[in-house]
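Accompanying notes for the structure given below.
We did not get these values from a lab; they are worked out from the coordinates using the rules stated. For clarity, every value in this text was computed on a predicted model and none was experimentally measured.
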Amino acid sequence: MKYLLIFIPPDRLQRVTEALVTHHVHGLSVSEARGFGQEHDPAHPEHREFRGLEMTRKMRLEIICQDEEVEVALKAIYEATHSGQRGAGKVFVLPVEDALRLKTGERGAAAIGPNAGNTT
């Protein structure tokens, strides 16, 4: 299992979620975030100043998926966000050791549901 931690500009959220749904991603969490990266440039359109620190508004998406779903998800995210410009975002892929579905007690890969290749 993998944990995808995704930071994208707010204007790309709809495109990314539509792309992920098209590829049968079974779960997604979204929250607002502020931070800075290479777009730490006052000329960037989403540049803001926050308590003396320069922060940019981003959306934070989190996905837990099967190992074999990672490449499909990364491709969908890339195609929905790629602009060739600063501030387009980042995706981090991290290992997940275990999962527990609180409703049923299922553990591991079964706790996160069927993979994208199994849509029955």
Which lysines, if any, have their Cα less than 25 Å from the Cα of Lys103, not counting same-chain residues under 8 positions apart?
Lys2
Using θ = phi - 60° and the Karplus curve 6.51 cos²θ - 1.76 cosθ + 1.60, what whole-Hz ³J(HN,Hα) does each residue of the range 13-19 get, with Gly and Pro shown as x?
4, 4, 4, 5, 5, 4, 5
Sorted by chain and number, the residues with a modelled amide H under 5 Å from that of Met55, at a separation of 5 or more or across chains, are Arg48, Glu49, Phe50
